[in-house]
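Encoded as structure tokens, the structure appears first; notes follow it.
The values are calculated or read from the model by the stated rules, or taken from the named source; none is laboratory data. These numbers were taken from a predicted model, which means no experiment stands behind them. Counting neighbours? That spans all protein chains shown, and the Cβs are built from the backbone with ideal geometry, glycine included. The protein model used for the area step is the full one, side chains on, heavy atoms only, and it has no ligands, DNA or RNA in it. Shrake-Rupley method; radii C 1.70, N 1.55, O 1.52, S 1.80 Å.
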Amino acid sequence: MAKRPPWYAEGLRFACQPDCGRCCSNHDDYAYVYLSEEDAAALAAHLNLDQATFRARWTQVDDGDLVLHMGQDACPFLDGARCTVYEARPTQCRTFPFWKENLKRRGDWEKLKTFCPGIGQGQVHSLLQISERAAEREAK
């Protein structure tokens with residue numbers, strides 16, 4: 001029996017909107033920025049900090065996972081609606097919104113519209129592009 005293609009097989013429209021930054025704010029299930037070892041190293045280098053200093057200043061361990069301190073209402077690297085570490089942003093940030101939990105059902109994707117004005121906007125991302133982004137996040 002052939003596997004059914006995913007509901008988004010024809011692709012999905014998405015484009016970050018200028019001066020938004022809403023995905024960088026705490027909301028519902030999205031309250032952590034998880035960091036891989038590579039993410040932590042890239043951020044430390046971007047901030048001109050050694051690993052130990054970066055981790056002490058900007059991270060914590062939550063249920064065994066390395067995460068950014070999120071004591072405020074948004075990512076500590078969000079300045080207004082601008083990411084101050086954009087060039088070194090973590091995998092989780094680079095791959096949003098193409099996460100497997102957002103792609104399970106059309107309703108999960110549609111729910112993102114409640115806080116992400118980029119859903120349904122801009123270019124169509126192909127099934128291949130979506131799959132690559134989702135896999136990149138899962139690999140970290």
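Things to note:
- Counting all C-alpha pairs of the range 1-55, share separated by more than 18 Å (%): 65
- With θ taken as phi - 60° and the Karplus curve 6.51 cos²θ - 1.76 cosθ + 1.60 applied, the whole-hertz 3J(HN,Hα) list for the range 40-48 is 4, 5, 5, 5, 4, 5, 4, 8, 6 Hz, x standing for glycine and proline.
- Cut-off 14 Å, label 7 Å out along Cα→Cβ of CYS16, residues of the range 66-87 by amide N: 75, 77-87
- Exposure ranking of ARG94, ARG137, ARG22 by accessible area [1.4 Å probe, largest first]: ARG22, ARG94, ARG137
- Pairwise label distance in nanometres, ALA135 with ARG4, each label 7 Å out on the Cα-Cβ vector: 2.3
- Coupling constants for the range 92-108 follow from the phi torsions by the Karplus curve (6.51 cos²θ - 1.76 cosθ + 1.60, θ = phi - 60°), and in residue order they are 4, 6, 5, 9, 5, x, 7, 9, 4, 5, 8, 10, 4, 9, 3, x, 5 Hz; glycine and proline get x.
- Rg over Rh, two decimals, the range 58-140 (C-alpha only, Kirkwood Rh): 0.98
- Cross-link reach list, aspartates and glutamates versus LYS100, counting only Cα pairs under 18 Å and skipping chain neighbours closer than eight places: GLU10, ASP28, ASP29, ASP108, GLU110, GLU132, GLU136, GLU138
- The phi torsions of the range 53-60, fed into the Karplus equation with coefficients 6.51, -1.76 and 1.60 and a -60° offset, translate into couplings of 5, 4, 5, 5, 7, 10, 10, 8 Hz, rounded to whole numbers, with Gly and Pro shown as x.
- Test item: Cα-centred dipole of the chain, Lys/Arg +1 and Asp/Glu -1 on Cβ, debye: 600
- Ranking PRO90, MET70, GLN17 by how far each Cα lies toward the positive end of the dipole of the chain (charges on Cβ) leaves GLN17 at the top.
- Seen from all directions on average, the range 97-140 presents a Cα convex hull projection of 3.2 nm².
- Dipole check for the range 60-116: with +1 at the C-beta of Lys and Arg, -1 at the C-beta of Asp and Glu, and the Cα centre as origin, the magnitude is about 420 Debye.
- Near VAL85, once Lys and Arg are set to +1 and Asp and Glu to -1 for all other residues with Cβ below 11 Å from its Cβ, the sum equals -1.
- Placing +1 on the Cβ of every Lys and Arg and -1 on the Cβ of every Asp and Glu, with nothing else charged, gives the range 1-78 a dipole about its Cα centre of roughly 300 debye.
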